[in-house]
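Asker: Have a look at the structure that comes next, please.
The values are calculated or read from the model by the stated rules, or taken from the named source; none is laboratory data. Predicted model, so just to flag it, every value in this text is computed and none were measured. Quick reminder, even Gly has a Cβ in these numbers, built from the backbone with ideal geometry, and neighbours come from all protein chains shown.
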Amino acid sequence: MKKRVAQLLMLASLAGTGLTQADTLPEALGSSFEAINHVDMGRLQRDPLQEFCSKPRGQAGDSAMESALRDEAMASVVFPAGDDFIGDWARGAEVANNGRGLQYSDDPEAPNGGNCYACHQLDPAEVAYGNLGPSLTGYGARGQSDVMLRYTWTKLWNTHAYNVCSHMPRFGALGILTEQQLKDLMAFLFDPDSPVNQSIE
Amino acid sequence: MDLMESIRNAWRLAALFGLLVAAAPSFGEDAGIFDEYRAMFGDDNPAVFVIDEGEEYWFEPQGPKNSSLEGCDLGLGPGVVEGAYARLPRYFADADMMMDVEARLIFCMRELQGRPSEEIQGYPYSMRGDLGTELEALVAWLADQSSGMPIAPGQEHAKEREFFTLGEQLFYYRAGPHDFSCATCHGQEGKRIRLQALPDLTSHEGAAGAYSAWPAYRISEGVVRTMGWRMRDCFRQQRFPLLGVGSDVTVALQTYLAVTAAGAPMMAPGLKR
Amino acid sequence: MAGKIRIRAQLDGDTCEVKALMRHPMETGLRKDQAGNAIPAHYIEEVTVTHNDQVVMHSYWGAAVSANPFLGVRFAGGQAGDTVRVTWRDNTGATDEGETTIR
Amino acid sequence: MKHESGAGIARRGLLRMGVFVAAVAAVPTKLWAAITKPSAAFAATDMDGTFAALGQTPTESAGIIFTTPDIAENGAVVPIKIEVDESLLPGVRRLYVMVEKNPNPMAAMFSMIEGAAPYVETRVKVAQTCNLYAVAETDSGFFMASKETKVTLGGCGG
């Protein structure tokens, strides 16, 4: 990856002279972005999954590739020791509400958020929720079996294990959230005392 | 596992007593919840001040050459500002480059005024506590000079068509620790993030609504923001590095958007959250 | 005198409706800039509206009035062609004014 | 908006955003001195303190028609409108706007002088979801109306 970044940076310095303009995607990326704070140019490199999922809408991907990526995603999931899935729902609520983390404007020392409300309804009392993903209000009522817990953990860890090219970030697989934060989110979803599972008048 | 068992029991109890959560109320897209709020603003858009300031900057002699920008060719000939914004981005033979309004202004400042590009590129957009920057003001005025005119970016030159394709590829480019592309948020109709409606920028209607309204006075920040800033800040939230002003990526994406929006009238500077 | 206040004054029956938009950052003194330094408080403290040199409305503001402030007031006794003036003074002592005629 | 020549150009050289080149207005000093600023009320840090500084906790009045949005897209700018039904509440001399949970609730005080109607529209900052107050001062004391405005978390939350 370092070599690739160096290559991109070299292109960037060429473009900076104003003598040339990009003709290709990698050239354009290399000449247009610059590293800032803790965010480096390596961020622009795609892994095979990202590359596969970058096809313009309507363009079908190779189905063999798709199942290989799905299998790889499934294999990437690390379950908590002793299947101890459930943390503290109140802390989970904070993770769900926090939209910060990994932006160049964020404090790299502060914990990352899950930004769940950007896309999902959770606590029914919170009116500011997005709809890019399905509503998760009342999630605990979907069941509390081991299968359900493992399924949900897997979705949080690497959503592509079930839905290749889902819009959701890979919170576990890419290290956005810690194992403890994921457990707290699980509690936020499943704990009967969690606001997610309360009704409002 | 005791904890899990007790949680399951609690659920069984809850179900028994019929306490399960009722379907929570759900808003549609924007569902008009901010209509009342937005209606209270009426026509009073503080961008009017910024438009005036932009006009003053255009005619003000500056830089080592002590020259104004009056001779700047925005694509319709030197000094022609009316309708020029609506025809961007476009290919400029004198620079042999595709340029958006910001790239072109920086080019003109260098060529006509002798000001180094870094002067503007280093501080293009307002930071907290600022009332505005020269670039924002110029863009606001130029957009106002195209108000009501149809969006009609250049697509004759090979480079112009190439940049449309490049822009489309960039729109779907997923990368970074969150796997986000532009399409993650702006590729479907009827979506919102938190409560903010997300235009589907792949459709003519969505692209037209978005492209025609920038630059805009952003009430949350008290300043006019440009389309270039909008792109930069989207990429910040995509967890990408810093997007350069007037860079190939921003020009290509704006070309993709403007072509998708073509024909719709410019309505900028608008009023945004 | 070209100040940075936009004013509209329109008659609606006997009432003159005045709407003014002012150019001011209205800093609370509680915010920090990108470098983490406090941005000093800077806000309009006093605003008056006059009709043909007669003060009709006087106000004191805190920093909680939004940036680039908007003010709408109404008064009786105005006639088309009369002068309406809006004047402000901020906490640094700077002042600005703008005027228009009633339509 | 077309470019004008003449006087406009002269001031172009003076203009730099972020630096206020204020017009030196010929403001009669008596305008500023006519009414004393209720500094203690502006400095109070909660509603009780604000009312105490004014000298009285206002009574609810149906005569104050207070319009604020139920939900604001952004707390930095919340439009408010105060109207008074003078058949219910005559003789209003002053109107105040207060935001319960701001560091200093008092946002503004408006004094109605020659011919001014008890009416005001402005936009205020609302730090968090809370009650907004419209207070009217008459010869017989202080009256109020209040309304909650929800402030939502915007955009991507970061």
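Asker: Tell me yes or no: at least one residue of the stretch A:123-144 is in contact with a Phe, Trp or Tyr (Cβ under 6 Å, 6 or more places away or on another chain) and under 21 Å from B:Asp179 (Cα atoms).
Answerer: Taking every residue of the stretch A:123-144 in turn, at least one turns out to be in contact with a Phe, Trp or Tyr (Cβ under 6 Å, 6 or more places away or on another chain) and under 21 Å from B:Asp179 (Cα atoms).
Asker: Can you tell me which condition A:Ser54 does not meet? The list is (1) in a helix (DSSP H, G or I); (2) outside the structural domain of A:Gly172 (by TED's automatic domain parsing), and all the others hold.
Answerer: It is condition (1) that A:Ser54 fails.
Asker: Considering only the stretch C:61-75, I want to know if a residue exists there that is over 23 Å from C:Thr15 (Cβ atoms), more than 7 Å from every other protein chain (Cβ to nearest Cβ) and under 17 Å from the mean Cα position of the chain (by Cα).
Answerer: Of all residues in the stretch C:61-75, those over 23 Å from C:Thr15 (Cβ atoms) come to C:61-68.
Checking the rest, the ones that are also more than 7 Å from every other protein chain (Cβ to nearest Cβ) come to C:63.
Still in the running and under 17 Å from the mean Cα position of the chain (by Cα): C:63.
So far as the stretch C:61-75 goes, yes, one or more of its residues are over 23 Å from C:Thr15 (Cβ atoms), more than 7 Å from every other protein chain (Cβ to nearest Cβ) and under 17 Å from the mean Cα position of the chain (by Cα).
Asker: If you go through the stretch A:133-162 one residue at a time, how many are over 13 Å from the mean Cα position of the chain (by Cα) and outside any helix (DSSP H, G or I)?
Answerer: Going through the stretch A:133-162 one residue at a time, the tally reaches 9.
Asker: OK, next. Among the listed residues A:Glu27, A:Glu72, which satisfies the condition of being acidic (Asp, Glu) and within 12 Å of chain B (Cβ to nearest Cβ)?
Answerer: On the way: A:Glu72 fails: within 12 Å of chain B (Cβ to nearest Cβ).
Going through A:Glu27, A:Glu72 in turn, the sole match is A:Glu27.
Asker: Given the criterion under 19 Å from the mean Cα position of the chain (by Cα), closer than 30 Å to A:Cys116 by Cα, acidic (Asp, Glu) and not in a loop (DSSP other than H, G, I, E, B), identify the matching residue among D:Glu148, D:Glu121, D:Glu137.
Answerer: Values: D:Glu121 fails: closer than 30 Å to A:Cys116 by Cα; D:Glu137 fails: closer than 30 Å to A:Cys116 by Cα.
Just a single option satisfies the conditions, and that option is D:Glu148.
Asker: Could you tell me which numbered condition A:Arg100 fails, if it satisfies all but one of (1) closer than 30 Å to A:Ala125 by Cβ; (2) of a type in the set (Lys, Arg); (3) not assigned by TED's automatic domain parsing to the domain that holds A:Met186?
Answerer: Checking A:Arg100 against (1) closer than 30 Å to A:Ala125 by Cβ; (2) of a type in the set (Lys, Arg); (3) not assigned by TED's automatic domain parsing to the domain that holds A:Met186, the one that fails is (3).
Asker: Quick one: which strands (runs of 3 or more DSSP E) sit completely within the stretch C:1-64 and have at least 2 residues that are β-branched (Val, Ile, Thr) and surrounded by 24 or more Cβ atoms within 10 Å (Cβ to Cβ)? Explain how you work it out, then say what you get.
Answerer: Values: elements: C:5-12, C:15-22, C:44-51, C:54-61.
It comes to C:44-51.
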